[in-house]
Amino acid sequence: MSAIIEQLHYGFFQRALVACLMVGTVCALLSAYVVLRRLVFTTVALTQLSSAGLGVSALAQGLAVRAGLLGLLAPYLAPVPTSLAMTLVGVGILALVQPGRRSRTDNLVALLYVGGWAASILLYAVAERGDTEMAAILYGDILGVMGRDLLYFAPVAAIVALLVLWLGKELLFTSFDPETAVTYRLPVWIYDVLFLSLLALVIVFAVKMLGLMLVFGYLVAPGTAALLVCRRMPPALAVAVVFAAAMSLFGLGVAAAWDLPPGPAVTAAGVALLLGIGLVRTVGAWVFRPAGRALPGLQGETARVALLTAALLVATVVAAGLASHIGEARTADHLEGHAPAGSPDHHAPEVQYAPHVEDELPDPEALLGGTGAATGSPPPAPRPSSGATRSGPAPPEPGAPPPLPGRRPPP
């Protein structure tokens, strides 16, 4: 936890934490219905269609730049509208499937998933800087979230959360027993399309900020954990929100302490917490049910929710503290090994000096021919060569004709 507190001094980490909490909260509210409606694979298909829409935007912007029309077409080629349009097309295709044809729906979802995946790869392969943008969409760039991204997503998250809470009864009824809901004259088809549209809206904005992997983790892990321990939807929604918050704090703490990518770290933290909850539930069922000590009814569910919430908070604090301690130890070892020379933490390596070789050198007096080396007298000066020290021209040889006036004699 200390690693998170230290990183909170930086604005980019503050925005990353706020983005994870916002996206995690609204995705947790949808996650329970996603798991309950068995729309996990549909969620994957919609995320791939959203990625394909972002690829269309990247390719179209590159072509507009080459044609010199980016200033004119920029409002129509923005990533979010293009991705939203592509995702809503997938929602419309799924809405055309007749209710009750489960196998047909699964086949269509599989085709949308494969088609969206292939389209994403091809579009990013053709677009400029496609490899970099595709990696950012897949793994996310949490530390690169800007303030305007949070401002754009805040009203979307508020609207989706309010609609999910307001229509919770109808969504629950159409999720559990759609056939009975039809007999009560509930527009099941409209509620299905509305839920898929809300899901697509959240996916489009969240994928652009956090990436496909983390958004899919937020849409699956909290709801799965909540439905493992709760039998009623209101407590399940509360547990899902708490799970998403714990998942965010735990993952960001590990990423900050160990210098890991934050998106995969948060996703792995959610998987680890989910496995821990499943293990505790399995062990608890094996220990308490044979003795008949399970708490029935609402009291038992409330106790499970309270215990799970407390366990998640304690596990998050302990795990983040342990990760921070290990990360600080690794950082200290790294700094100690790379400390600059002259610092207190610098340990100079032991140097193996060669043996003295003064006795093996030749005698300087012998090199100088025994002149002046031992007595300290200066060595004799060298004899200058003929004409080497004269500044003027050499005198003419005897018998040579005198030089002509105005002409210099040859050297």
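The values are calculated or read from the model by the stated rules, or taken from the named source; none is laboratory data. Note that this is a predicted model, so its numbers are computed, not measured. Note that each Cβ is placed from the backbone with ideal geometry, even for glycine, and that neighbours are counted across all protein chains shown.
Structure above, values below:
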| read-out | value |
| --- | --- |
| Scope region 258-268; condition touching a residue at least 24 places away in the same chain (Cβ under 8 Å) and within 19 Å of L21 (Cβ to Cβ); matching residues | P261, P262, G263, P264, V266, T267 |
| Check on T82, touching a residue at least 60 places away in the same chain (Cβ under 8 Å), among the polar types (S, T, N, Q) and either part of a helix (DSSP H, G or I) or surrounded by fewer than 19 Cβ atoms within 10 Å (Cβ to Cβ) (or both) | no |
| Residue match in region 166-185 (condition: among the charged types (D, E, K, R), on the phi > 0 side of the Ramachandran plot and at pLDDT below 90) | yes |
| Residue within region 109-121 that is out of contact with any Leu (no Cβ under 7 Å at 6 or more places or on another chain) and more than 18 Å from Q48 (Cα to Cα) present | no |
| Filter result for the condition that a residue is modelled with pLDDT of 95 or more, among the β-branched types (V, I, T) and at negative phi, over V26, V35, V40 | V26 |
| Yes/no for A269 being buried (at least 19 other Cβ atoms within 10 Å of the Cβ), farther than 30 Å from L46 by Cβ, of a type in the set (A, V, I, L, M) and at pLDDT 60 or above | no |
| Test: residue in region 183-194 that is surrounded by 15 or more Cβ atoms within 10 Å (Cβ to Cβ), closer than 30 Å to A256 by Cβ and out of contact with any His (no Cβ under 6 Å at 6 or more places or on another chain) | no |
| Any hit, region 26-47, residues being under 17 Å from V242 (Cβ atoms), crowded, with 20+ Cβ neighbours inside 10 Å and β-branched (V, I, T) | yes |
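To keep it simple, each residue is scored yes or no on (1) of a type outside the set (D, E); (2) buried (at least 16 other Cβ atoms within 10 Å of the Cβ); (3) modelled with pLDDT under 90.
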position: Y124; (1), (2), (3): yes, yes, yes
position: E128; (1), (2), (3): no, no, yes
position: D131; (1), (2), (3): no, no, yes
position: M134; (1), (2), (3): yes, yes, yes
position: D141; (1), (2), (3): no, yes, yes
position: M146; (1), (2), (3): yes, no, no
position: Y152; (1), (2), (3): yes, no, no
position: A157; (1), (2), (3): yes, yes, no
position: V160; (1), (2), (3): yes, yes, no
